Amino acid sequence: MTDDQRHGGRRQARSPVTRLVVILVQALAVGAGFGAATSLVNAVSHNSADLESSAYTTSGWSAAEIVSVLLDSGWAWAGLAVAAGWLLTRAEGSRRAAPAQGAAAGVLALLAATAAYSVADTIRSGGPWYESQQPVWWVAGVIFGAPLGAVGACVRRPGAIGLFARLTVPVGAAVQMVVLPPGRNEVVETIGKTIVWTGAAASIGFVVVRFLQERRRRSVTAD
């Protein structure tokens with residue numbers, strides 16, 4: 001065996017580890033960016049709000065506040081973990097990405113987002129960064145990040161598993177609008193629900209149509 005063959009074999013043996021490291025770094029970067037952006041938008045929304053005005057308090061709204069409400073919703077953070085798991089399938093270039101790796105990516109993304117959110121809040125307000133977020137959010141990042149990341153790793157799979165994975169975020173968002181709608185007044189709540197329901201309906205319709213088309217195509221190929 002030549003030196004080139006030996007080195008090539010080592011490179012090939014290390015490549016799965018390298019891909020995993022790249023995936024985890026991407027999850028950390030995406031999570032940190034999301035957390036920092038959410039904190040920034042929240043700050044802009046708060047600074048632009050005239051909460052001393054009774055009219056604004058009861059019916060006022062701003063574009064920054066709508067974006068803040070959407071980004072700081074549970075479904076959006078859940079979508080972050082699912083997206084981190086989905087990045088795994090993009091890096092692997094395969095439908096059969098390991099759910100365990102997706103789970104790790106989901107956890108890292110949510111923890112990075114929580115940390116970045118805390119740091120951004122600390123820069124604005126001062127104080128230790130780890131005190132700006134309650135411990136429950138760190139625990140939630142682990143508890144919910146793992147299954148959601150695993151779901152994201154299944155997004156590209158065919159059949160019912162892939163369909164369920166692709167529907168998780170839009171269905172979850174639509175349900176949250178019923179159980180826990182966003183906003184501090186009726187106007188903000190209505191705008192937020194309209195945007196989310198419209199986006200969820202469009203996403204669900206697109207996913208279902210694509211699923212039916214793929215199943216029909218496989219049926220024709222099998223015949």
Multiply the residue gap between Ser59 and Ala100 by 0.36 nm, knock off their C-alpha separation, and tell me the result in nm, one decimal place.
-> 10.2 nm
Neighbourhood net charge (13 Å Cβ-Cβ; Lys/Arg +1, Asp/Glu -1) for Asn42 = -1
Stretch Val175-Val136 to full length: gain in nm at 0.36 nm per residue minus the Cα-Cα span?
-> 11.8 nm
Length released on extending from Ile161 to Val21, taking residue separation times 0.36 nm less the Cα-Cα span = 47.8 nm
Which percent of the accessible area of region 102-206 is formed by carbon and sulfur heavy atoms (probe 1.4 angstrom)?
-> 75 percent
For Thr58, what is the net charge nearby, where nearby means another residue's Cβ is under 11 Å from its Cβ and Lys, Arg count +1, Asp, Glu -1?
-> 0
Here, Ile143 and Arg218, labelled 7 Å along Cα→Cβ, have an inter-label distance in nm of 3.5 nm
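The values are calculated or read from the model by the stated rules, or taken from the named source; none is laboratory data. These numbers come from a predicted model, not from an experiment. Because the Cβ atoms are built from the backbone with ideal geometry, glycine has one as well, and the counts that use them run over all protein chains shown. Remember, those area values only see protein heavy atoms, side chains included, never the ligands or the DNA or RNA. Shrake-Rupley method; radii C 1.70, N 1.55, O 1.52, S 1.80 Å.
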